[in-house]
Amino acid sequence: MISNNLINKLMLWEGVKNSPYRDSGRLLTLGVGHLLTKSELSSGKIYIGGVWVRYAKGITDEQIKQLLKQDLAVRDAALTKLVKVPLTQNQFDTLLSFVFNVGVDAFRHSDLLELLNKGYYNAVPYQLTRWNKSGGKKDKGLVNRRSYEIELWNSPVLV
């Protein structure tokens, strides 16, 4: 389940942009790390909360949150299918953040998932640290992000 805590953390870690911008990989992006698709780029519109929205002049903060929730929902479903062991909310949030960043396919084929599904929860933090490169070079932003994710993974869930 997508938590408000994760939404807030992703907005902090990824940054929030109301107008299209180029991400670290030089891809056109909007909101909180939403990579614009070919269809969105060619039409100039994005589907948010059941409505087509022109994004060239920017989108509202509420539309950004809705778009993020839509993007996370796809990854939430994949994560729920792929992970075979029980998780705390913070562990789930960590993995959802990770999958949001690296993609479902990369996660599906990762040592991290294989070890986790064997019950090696303690292996996850180290496995996260391995995903710190962009373009083959260590990326400070990714190093910091993995550090935040590890901190979240290790945080107890407060009831």
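The values are calculated or read from the model by the stated rules, or taken from the named source; none is laboratory data. Being a predicted model, the structure only gives us computed values, none of them experimental. Because the Cβ atoms are built from the backbone with ideal geometry, glycine has one as well, and the counts that use them run over all protein chains shown. Accessible surface is based on the protein model in full, side chains and every heavy atom, while ligands, DNA and RNA are left aside. Shrake-Rupley method; radii C 1.70, N 1.55, O 1.52, S 1.80 Å.
Need pairs with beta-carbon distance below 6 Å; first residue more than 14 Å from residue 58 (Cβ to Cβ) and among the charged types (D, E, K, R) and within the stretch 11-28, second at pLDDT below 85 and open to solvent by 60 Å² or more (accessible area, probe 1.4 Å); sequence gap 6+ or separate chains. Taking only residues 6 or more apart or on different chains, not a single pair turns up.
Evaluation of residue 46 against the conditions (1) touching a strand residue (DSSP E or B) at 6+ places or on another chain (Cβ under 6 Å); (2) open to solvent by 70 Å² or more (accessible area, probe 1.4 Å) shows that the sole unmet condition is (2). From the set of residues in the stretch 84-106 that are open to solvent by 30 Å² or more (accessible area, probe 1.4 Å) and in contact (Cβ under 8 Å) with a residue 40 or more places away in the chain, which is nearest to residue 68 (Cα to Cα)? It comes out as 101. Test residue 51 against the stated conditions and say whether it is open to solvent by 40 Å² or more (accessible area, probe 1.4 Å), under 17 Å from residue 100 (Cβ atoms) and among the β-branched types (Val, Ile, Thr). Judged against the criteria, residue 51 is not a match. The set of residues in the stretch 54-65 being surrounded by 17 or more Cβ atoms within 10 Å (Cβ to Cβ) and touching a strand residue (DSSP E or B) at 6+ places or on another chain (Cβ under 7 Å) consists of 55, 59, 63, 64.
I'm trying to understand the selection: among the residues of the stretch 107-128, which are in a helix (DSSP H, G or I), touching a residue at least 24 places away in the same chain (Cβ under 8 Å) and surrounded by fewer than 17 Cβ atoms within 10 Å (Cβ to Cβ)?
First, the residues of the stretch 107-128 that are in a helix (DSSP H, G or I): 107-108, 111-117, 121-128.
Pick out the ones that are also touching a residue at least 24 places away in the same chain (Cβ under 8 Å) and you get 107-108, 113, 116-117, 121, 124-125, 128.
Answer for the stretch 107-128, where residues must be in a helix (DSSP H, G or I), touching a residue at least 24 places away in the same chain (Cβ under 8 Å) and surrounded by fewer than 17 Cβ atoms within 10 Å (Cβ to Cβ): 108, 117, 121.
From 105, 93, 111, 76, grab the single residue that is modelled with pLDDT of 95 or more, within 17 Å of the chain's Cα centre (by Cα), acidic (Asp, Glu) and closer than 18 Å to residue 146 by Cβ. It is 93.
For the subset of the stretch 5-43 comprising residues that are open to solvent by 70 Å² or more (accessible area, probe 1.4 Å) and within 22 Å of residue 144 (Cβ to Cβ), which member is modelled with the highest pLDDT?
Restricting to residues being open to solvent by 70 Å² or more (accessible area, probe 1.4 Å) and within 22 Å of residue 144 (Cβ to Cβ), the top hit is 17.
Scan the stretch 32-50 and report the pairs whose first residue is not aliphatic (A, V, I, L, M) and whose second residue is not in a loop (DSSP other than H, G, I, E, B), with Cβ atoms within less than 6 Å and a gap of 6+ or a chain change. Listed by first residue and then by second, the contacts come to 33/14; 34/67; 34/71; 40/46; 44/54; 45/52; 45/54; 49/66.
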